[in-house]
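Peer 1: Here it is, the structure in full.
Please treat every number below as a calculation from the coordinates, not as lab data. Since we're looking at a predicted model, the values are computed, not measured. Cβ sites come from the backbone with ideal geometry, for glycine too, and all protein chains shown count toward neighbours.
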Amino acid sequence: MAGDLPDYYFRIRENGAAVFKVDTENRQRRIEMEEIAMVNVRNGNIKPHGDRKLTDEEMALIRDWLERRVALLAARDLDDIHRAIDHMNLTTHWAQSRATDAQLEDVTDALLLAMHDLRTVLVRKKADRLAREAGGAEE
């Protein structure tokens, strides 16, 4: 089992990860994990743990993980939005075909406000994109 373990382990946190060096080559043959760094996916900061100096190899490994993690989170975000579209369609079908008056009364105002807010943001962002495209086309 110990031969199958990676040399480094990333404990995922809300905004990044704690990075551990995995050691299985000790006298007790136990798995030991030494925290070596903290990684922030929002700003890309890599902070060594304590007084530790990260090697070039460790920095490259952490940067590679960071790049893959940012890409994964971006893909998940987009997938979540596609799921939200599916849920909106399912909600429309529910409201049209199965919802009772009491159920509609319970959710209508919240749904209308959320949809209005979303529509406002989407329209503004689309107008900004069109304005930039028009400005770039004139140059």
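Peer 1: At a Cα cut-off below 16 Å, give the lysines reachable from Lys21, other chains included and same-chain residues fewer than 8 away excluded.
Peer 2: Lys47, Lys53
Peer 1: Given H placed on each backbone N at 1.01 Å, which residues far from Val41 in sequence or on other chains put an amide H within less than 5 Å of it?
Peer 2: Gly16, Ala17
Peer 1: Taking 0.36 nm per intervening residue step and subtracting the Cα-Cα distance, what contour gain separates Ile81 from Ala110 on full extension?
Peer 2: So the extension gain works out to 8.6 nm.
Peer 1: To one decimal place, what Kirkwood hydrodynamic radius in Å is obtained for the stretch 5-58 from all pairs of distinct Cα atoms? It would help to have the intermediate numbers written out before the result.
Peer 2: On the way: mean 1/r = 0.0838 Å⁻¹.
With all distinct Cα pairs of the stretch 5-58 included, I get 11.9 Å.
Peer 1: While we're looking at this one, here's another question. Going by alpha carbons, how many degrees (0 to 90, nearest 10) lie between the helix axis of 101-138 and the longest principal axis of the chain?
Peer 2: 80
Peer 1: Tell me, what HN-Hα J-couplings in whole Hz come from the Karplus equation 6.51 cos²θ - 1.76 cosθ + 1.60 at θ = phi - 60° for each residue of the stretch 27-40, using x for Gly and Pro?
Peer 2: Listing the rounded values in order: 5, 7, 6, 9, 7, 10, 10, 9, 5, 10, 6, 10, 10, 10 Hz.
Peer 1: Any idea what the alpha-carbon Rg over 2.2 N^0.38 Å comes to for the chain? Show your work: numbers first, answer last.
Peer 2: Details: Rg = 24.2 Å, N = 139, 2.2 N^0.38 = 14.3 Å.
So the Cα radius of gyration is 1.69 times the expected 2.2 N^0.38 Å.
Peer 1: In Å³ and rounded to a whole number, note down the convex hull volume per residue for the Cα atoms of the stretch 99-139.
Peer 2: On the way: hull volume 1.8 nm³, N = 41.
Hull volume normalised by residue count: 45 Å³.
Peer 1: When the Cα atoms of the stretch 33-82 are enclosed in a convex hull and the volume is divided per residue, what value in Å³ results? Mind dumping the intermediate values first?
Peer 2: Details: hull volume 4.1 nm³, N = 50.
Roughly 82 Å³ of hull volume per residue.
Peer 1: For the chain, what is the mean residue ellipticity at 222 nm derived from helices alone (per DSSP H run of n ≥ 4: -39500 (n - 2.57); sum divided by total residues; nearest 500 deg cm²/dmol)?
Peer 2: Values: 2 runs with 80 residues, N = 139.
For the chain, the value works out to -21500 deg cm²/dmol.
Peer 1: Sticking with this structure for a sec: Work out which trypsin sites (Lys or Arg not before Pro) in the chain are exposed loop sites (DSSP not H, G, I, E or B, at most 16 other Cβ within 10 Å) and give the longest gap free of them.
Peer 2: Working: sites that count: Arg27, Arg29, Arg30, Arg42, Arg52, Lys53, Arg98.
Between the exposed loop sites, the longest stretch runs 54-97.
Peer 1: Using a 7 Å offset from the Cα along the Cα-to-Cβ direction at both Thr92 and Val22, what is the distance between the two label points in nm, to one decimal?
Peer 2: It is 4.7 nm.
Peer 1: How large is the dipole of the stretch 10-113 about the Cα centre if only Lys and Arg carry +1 and Asp and Glu carry -1, each at its Cβ, rounded to the nearest 20 debye? Write out the running numbers ahead of the final one.
Peer 2: Values: 16 positive and 20 negative charges, 109 e Å.
The dipole of the stretch 10-113 has a size of about 520 debye.
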